[in-house]
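Here is the structure we will look at, set down as structure tokens.
The values are calculated or read from the model by the stated rules, or taken from the named source; none is laboratory data. This structure is a prediction, so every number in the text was calculated from the model and none was measured. Methodologically, a virtual Cβ is constructed for each residue, glycine included, from the backbone with ideal geometry; neighbour enumeration extends over all protein chains shown.
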Amino acid sequence: MLHANAALTPRQRLRLARLVVEDGWPVAYAARFFSVSWPIADRWARRYRAEGKAGMADRSSRPHASPGKTSPPITKRIVSLRLRKRWGAVRLAAETGVAPSTAGAVLRRCRISRLSRLERRDQPPVRYERPAPGELLHADVKKLGNIPAGGGWRFLGHQQGKANRTADGGRARSRHRNPLMGHAFVHVVLDDYSRVAYAEICDDETGPTAAGVLRRASAWFAARGVTARRVLTDNGGCYRGRDWAGACTALGITPKRTRPYRPQTNGKAERFNRTMTSEWAFAQLFTSEADRRAAFPGWLHAYNHHRPHTGIGGHPPISRLTNLPGQYT
């Protein structure tokens with residue numbers, strides 16, 4: 001790579017050197033002709049005599065010796081303590097007798113300045129995808145605080161958001177809070193293979209509500225040629241009751257639950273929730289909860305039919321449900 005301040009390109013260096021060495025030009029005349037100093041012209045002429053055309057390339061600017069560089073024994077001790085004790089630069093410096101900046105430079109040079117680089121992985125993460133639509137559905141509930149009239153704190157700030165949450169502009173006690181406040185519960189049912197999602201905004205996350213969402217989701221997928229066979233959920237209360245079990249039995253769906261405290265097992269639903277909150281729930285200023293809920297069907301349609309999904313090669317989820325009438329509308 002050519003140096004940013006280089007006066008000559010390698011081709012021009014070769015031309016200058018050949019004029020001096022092979023054609024007998026004086027160095028001073030060649031330097032004036034190429035608008036460089038005499039030492040620069042002389043340097044490239046000497047390198048051409050010694051190395052030929054190969055000598056016209058840039059050389060590394062690294063010094064031949066670095067007397068002030070941290071010695072290998074100290075470097076080894078810093079790295080060893082970092083790996084065994086997880087100490088930071090200040091503690092390492094106190095232990096090894098060097099400056100904190102020196103210890104930090106050693107950690108960066110050895111690429112262990114971040115603790116995340118020290119985490120051991122016994123095996124690579126296991127990623128899976130069912131071979132056909134309907135073989136596995138992911139179900140989850142995303143809880144969102146309702147937006148007060150006038151807007152929430154994310155866009156208006158905490159002071160104005162708090163004022164909007166109370167019926168009298170922020171002066172009421174907690175028992176007089178705006179009756180419209182509360183939570184919205186977005187029930188999501190997502191197909192593992194296609195990533196096509198069915199979702200409803202409900203007022204609770206009880207068993208009967210979750211079971212009703214599953215029935216409607218199953219019918220919605222069936223209308224698109226997808227027969228649900230299994231459904232994976234976390235260990236939430238709405239998925240452990242009789243209503244959920246009864247709905248699964250009636251629909252011929254086998255219920256599965258993740259291992260406790262392992263939300264990554266239901267990662268596709270968790271990732272959908274993250275996308276949903278960033279691209280719909282908190283993507284813009286909504287001045288009321290009704291406005292946000294009204295925008296949800298349009299966003300969900302765009303997610304299923306138009307938004308490119310990186311997990312399936314940049315195609316919209318609906319593209320994996322082939323021969324579906326109106327799938328590209």
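Data for the structure
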{"quantity": "Subset of the stretch 128-143 [surrounded by fewer than 18 Cβ atoms within 10 Å (Cβ to Cβ) and of a type in the set (A, V, I, L, M, F, W, C)]", "calculated": "Ala132"}
{"quantity": "Filter result (surrounded by fewer than 18 Cβ atoms within 10 Å (Cβ to Cβ) and touching a residue at least 40 places away in the same chain (Cβ under 8 Å)) within the stretch 145-155", "calculated": "Ala149, Gly150, Arg154, Phe155"}
{"quantity": "The stretch 246-274, subset among the polar types (S, T, N, Q) and assigned to a helix (DSSP H, G or I), residue modelled with the lowest pLDDT", "calculated": "Gln264"}
{"quantity": "The stretch 266-292, subset farther than 30 Å from Gly161 by Cα and surrounded by 19 or more Cβ atoms within 10 Å (Cβ to Cβ), residue nearest to the chain's Cα centre (by Cα)", "calculated": "Lys268"}
{"quantity": "Qualifying residue in the stretch 59-67 (condition: part of a loop (DSSP other than H, G, I, E, B), more than 30 Å from Arg111 (Cβ to Cβ) and among the hydroxyl-bearing types (Ser, Thr, Tyr))", "calculated": "no"}
{"quantity": "Test: residue in the stretch 79-100 that is modelled with pLDDT of 90 or more, on the phi < 0 side of the Ramachandran plot, buried (at least 17 other Cβ atoms within 10 Å of the Cβ) and in contact with a Ser or Thr (Cβ under 6 Å, 6 or more places away or on another chain)", "calculated": "no"}
{"quantity": "Filtered residues of the stretch 206-245 (kept if in contact with a strand residue (DSSP E or B) (Cβ under 8 Å, 6 or more places away or on another chain), of a type in the set (S, T, N, Q), surrounded by 15 or more Cβ atoms within 10 Å (Cβ to Cβ) and outside any helix (DSSP H, G or I))", "calculated": "Thr233"}
{"quantity": "Candidate set: the stretch 39-54, residues that are surrounded by 15 or more Cβ atoms within 10 Å (Cβ to Cβ) and small (Gly, Ala, Ser); chosen: the one nearest to Thr9 (Cα to Cα)", "calculated": "Ala41"}
{"quantity": "Condition met for Tyr128 (assigned to a helix (DSSP H, G or I) and of a type in the set (Ser, Thr, Tyr))", "calculated": "no"}
{"quantity": "Among (1) of a type in the set (Asp, Glu); (2) assigned to a helix (DSSP H, G or I); (3) in contact (Cβ under 8 Å) with a residue 12 or more places away in the chain - the single one Glu51 does not satisfy", "calculated": "(3)"}
{"quantity": "Residues (part of a helix (DSSP H, G or I) and either hydrophobic (A, V, I, L, M, F, W, C) or closer than 12 Å to Leu118 by Cα (or both)) located in the stretch 81-92", "calculated": "Leu81, Arg82, Leu83, Arg84, Lys85, Ala89, Val90, Leu92"}
